[in-house]
Amino acid sequence: MAISAIFFLDIKGRIIIFRDYRGDVSPKYAEKFMSKINEMEEAGKLSPVIYDEGVTYLYLQVSNLYLLAVTRTNVNACSTLVFLHRLVDVFKHYFQELEEESLRDNFVIVYELLDEVMDFGYPQFTEAKILAEYIKTDAYKMEVAVKPPMAVTNAVSWRMEGIRHKKNEVFLDVVESVNLLVSSSGQVVLSEVVGVLKMRTYLSGMPECKLGLNDKVLFESQGRNSKQKSVELEDIKFHQCVRLARFENDRTISFIPPDGAFDLMTYRISQNIKPLIMVDCVVERPSRSRTEYLVKARSQFKERSQANTVEIMLPLPADAISPSMKCSQGSAAYVPEKSALVWTIKSFPGGKEYTLRCHFGLPSVEAEDEGKGKMPPIKVKFEIPFFTVSGVQVRYLKVIEKSGYQALPWVRYITTSGNYEIRMI
């Protein structure tokens, strides 16, 4: 991507500050921007990317400002918009709020930042913490010659040198969300697992971490025993610290981590998943004005695991009268604003089944008949610690640092419900 210029415009489209990087787009094009926005808004075709007369406009609206990037080249629109968002974060780090007034009060700092974050239209450094080390908000501080941090002069822009911790530790959480849709007949219609590896690192120096998973592609390339449990990861996305070339070559996840919390990678697994918690709801109508629910909830995972803070939301007709309920485990409450009964079970061990009975009245037979077959699905929320539904396992997590200190790695597995729904009859 090569951006020609960046403009800050007020709400009426007047230029407040701009920085020309390539000299091939005149400021007069920015003056045409608002008229283009108004035309597209009237036509109902408003878009964050506009092309006109050989110039591409990419913009964000923040508070009472428009942040506009213009270019004559065929840039990656997504990358440019991400850069603009990162630029907004940098200014908010300096000024707390990004508004017209804060720009006018700090135009010297704005120009300095615009010079640092981009060079000849190519993005450079957008890490606010790194920029703050040598661009100070107070003008008098700039008189002192400050040595640029190592993070700017080497390839590791996300980590500073000289970090020290009394205790060197790494915490890794493998968190998987289960998205599931079950039909009223009990058949799984849609199932997928969305996972994220969340890390918190408190390591001294510039350590290199290596992470190994039971990756199916890796096992096959190494000719591993097929009896070993492996998983096929899809749609893998990494944090910028991961060496992608190394991963492409030998599937090794090698990286120099940022200090603190970050998401190392995300992935998706499409596979047929048996519902971890299955809910069956039988609707009975003993009389013309009374309805009963008989609900059975059973856990379909191993007995050694248990689900915590299970919440089952059962939809009721909007005109339900005086619902009463009795459950074999946990507690149940009627939530009228959601037209639902919420059954909460604090601890749900594997291989167990619990029941709930609910009685409620309806004002008319017509209302009951109209609502039949139109009830929203049952929604289930849960969290199962020390368990992954996909079978993803961390085989090793190594920390290598030139000083040779020993780091303590901690790994935890958690499975949670994502969009988990069971249709009613």
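So what does residue 410 come to for accessible area, using a 1.4 Å probe and Å² rounded to 10?
About 130 Å², ignoring ligands and nucleic acids.
Quick one: helix 107-117 against the long Cα principal axis of the chain, what's the angle to the nearest 10°, folded into 0 to 90?
Between helix and principal axis, roughly 80 degrees.
Give the residues of the range 260-278 whose amide nitrogen is closer than 16 Å to a point set 7 Å from the Cα of residue 302 in the direction of its Cβ.
What the label zone holds, given the 16 Å backbone N cut-off, is 274, 276.
Counting only the heavy atoms of the protein chains, how much of residue 327 is accessible to a 1.4 Å probe, in Å² to the nearest 10?
Roughly 40 Å² of residue 327 is accessible to a 1.4 Å probe.
Exceeding 18 Å between C-alpha atoms, which entries from my cross-link table qualify? They are 346/381; 229/352; 296/379; 216/398; 338/374; 296/381.
Over 18 Å apart, Cα to Cα: 229/352; 216/398.
Does a label point 7 Å from the Cα of residue 250, set along Cα-to-beta-carbon, have any residues of the range 388-405 with amide nitrogen under 16 Å, and which are they?
In the range 388-405, the label zone of residue 250 (backbone N under 16 Å from the point 7 Å along Cα→Cβ) covers 396-400.
Kirkwood Rh, the range 5-152, all Cα pairs: how many Å?
16.1 Å
Send over the per residue convex hull volume for the range 199-289, Cα only, as a whole number of Å³.
Measuring per residue, one finds 192 Å³ for the Cα hull of the range 199-289.
Got a sec? What order do 313, 118 fall in by accessible area at 1.4 Å, biggest, i.e. largest, first?
Listed by decreasing accessible area, they come as 313, 118.
Using only the Cα atoms, work out Rg/Rh for the chain, with Rh taken as the Kirkwood radius, to two decimals.
With Rg and the Kirkwood Rh in hand, the quotient comes to 1.07.
To the nearest 10 square angstrom, what accessible area does residue 161 show with a 1.4 Å probe?
That residue has around 100 Å² of solvent-accessible surface.
Can you list residues whose amide H is under 5 Å from residue 316's amide H, if they're 5+ apart or on another chain and H is modeled 1.01 Å from N?
340, 341
Compute the normalised compactness of the range 35-107: alpha-carbon radius of gyration over 2.2 N^0.38 Å, N being the residue count.
1.22
Between residue 52 and residue 104, what length in nm is gained on full extension when 0.36 nm per residue of separation is reduced by their alpha carbon distance?
Roughly 15.8 nm would be gained on extension.
May I ask for the angle, rounded to the nearest 10°, between helix 33-42 and the longest principal axis of the chain, with both axes built from Cα atoms and the value confined to 0 to 90°?
For helix 33-42, the angle is close to 20 degrees.
Can you compute the modelled spin-label distance between residue 190 and residue 31, with each label point 7 Å from Cα toward Cβ, in nm?
In this crude spin-label approximation the distance works out to 5.0 nm.
Within 10 Å of each candidate Cβ there may be at most 13 other Cβ atoms; applying that plus a DSSP loop requirement, which GluC sites (Glu not before Pro) in the range 258-358 survive?
Loop-located and lightly packed - 303.
Counting each DSSP H run of 4 or more residues in the chain as -39500 (n - 2.57), what helix-only mean residue ellipticity at 222 nm follows after dividing by all residues, to the nearest 500 deg cm²/dmol?
-5000 deg cm²/dmol
May I ask you to derive the FRET efficiency for residue 338 and residue 169 from their Cβ-Cβ distance with R0 = 56 Å, giving the value to the nearest 0.05?
That gives a FRET efficiency of 0.85.
Suppose every Lys and Arg Cβ carries +1 and every Asp and Glu Cβ carries -1, with no other charges. What dipole size does the range 5-152 come out with about its Cα centre, to the nearest 20 debye?
That gives a dipole near 220 debye.
For the chain, build the charge dipole from Cβ charges (+1 Lys, Arg; -1 Asp, Glu) around the Cα centre, then report which of 217, 60, 306 sits farthest towards its positive end.
306
Helix 77-95 versus the longest principal axis of the chain: what angle, 0 to 90°, nearest 10, using Cα atoms?
The helix 77-95 is inclined about 80 degrees to the chain.
Ordering 346, 210, 198 from largest to smallest accessible area (1.4 angstrom probe), what's the sequence?
Putting 346, 210, 198 in descending order of accessible area: 346, 198, 210.
Accessible area, 1.4 Å probe, largest first: how do 105, 52, 215 sort?
105, 52, 215
Given 0.36 nm per residue, what is the gain on full extension from residue 398 to residue 85 after removing their alpha carbon distance, in nm?
109.3 nm
Starting from the Cα of residue 40, step 7 Å along the direction of its Cβ; do the same at residue 119; then give the gap between the two resulting points in nm.
The two pseudo-label positions are separated by 3.2 nm.
The values are calculated or read from the model by the stated rules, or taken from the named source; none is laboratory data. The model shown is predicted, which means the values in this text are computed figures rather than measured ones. When we count neighbours, we look across all protein chains shown, and the Cβ atoms used for this are built from the backbone with ideal geometry, even at glycine. Calculation scope for accessible area: heavy atoms of the full protein, side chains included, ligands and nucleic acids excluded. Shrake-Rupley method; radii C 1.70, N 1.55, O 1.52, S 1.80 Å.
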